[in-house]
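Notes follow once the structure below has been shown.
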Amino acid sequence: IGTGNATASAFTIVSSTLGQGTHNVTATQTDTAGNTSVASSALSVVVDTTAPTITGQSPASGTSLASLPTVQVTTSEALSELTAGALTVNGSAATSVSGTNPFTFSGYAVPVDGTVTVTLAVSGITDTAGNALSATGNSWTYTKNSTIPTVLLTSSTVSDNGFTKNSTVAFTATFSEN
């Protein structure tokens, strides 16, 4: 990956550009008489040029739910510079984030019933190598319905307890939701 000349017992070599992946680097020394040392122990260098991505949400995107106290986001790798306010629920920023992957967000305003849109603003969020978080999949929706369903049970044949052991009774259940 490079060569260099040293006048002291240590020196620095700037490598050529390394591609994605793990590279094992060794060094040898050749003295003025032409004697070459045994290669040093390998120094492993990992080059990461891949942008992290959002790989999941919990609850899952598209879920119908009664409440949304927290949102979990899972990414393809560790992130840095992730703050609570990066996640919004119907425009209300989260005030707390915990965990390292998945990340659990909370503290946003309680969303009203209907379509709930969650967005993770990716600007400034990177992996530990400095690759920016991909915006692909950074917004998703839920349907919130916190209305408790009701049931009304009626019978057109019930009258004054006039039943015998062979009586049949027809009941009608009416539900407030499908």
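Structure notes:
- Along each principal axis, Cα extent of the range 93-140, largest first, Å: 40, 22, 16
- Fluctuation leader among Ser146, Ser156, Ser37 - the chain, Gaussian network, Cα springs under 10 angstrom: Ser156
- Euclidean distance of C-alpha centroids, the range 117-152 and the range 13-45, integer Å: 46 Å
- Pairs of Cα atoms nearer than 8 Å and 6+ residues apart set the relative contact order; for the range 58-178 it is 25 percent.
- Cα principal axis extents for the range 61-148, largest first, Å: 48, 23, 19
- Per atom type, the range 1-132 shows carbon and sulfur on 52% of its accessible surface, probed at 1.4 Å.
- Largest GNM mean-square fluctuation among Ser98, Ser58, Ser167, using the chain with Cα springs under 10 Å: Ser167.
- Å² per residue, accessible surface of the range 71-166 at 1.4 Å: 56 Å²
- With N the number of residues in the range 40-109, Rg(Cα) / (2.2 N^0.38 Å) evaluates to 1.45.
- Residue with peak Gaussian network fluctuation, the chain [Cα springs, cutoff 10 Å], from Thr22, Thr117, Thr30: Thr30
The values are calculated or read from the model by the stated rules, or taken from the named source; none is laboratory data. The model shown is predicted, which means the values in this text are computed figures rather than measured ones. Accessible surface areas use protein heavy atoms only, side chains included; no ligands, DNA or RNA. Shrake-Rupley method; radii C 1.70, N 1.55, O 1.52, S 1.80 Å.
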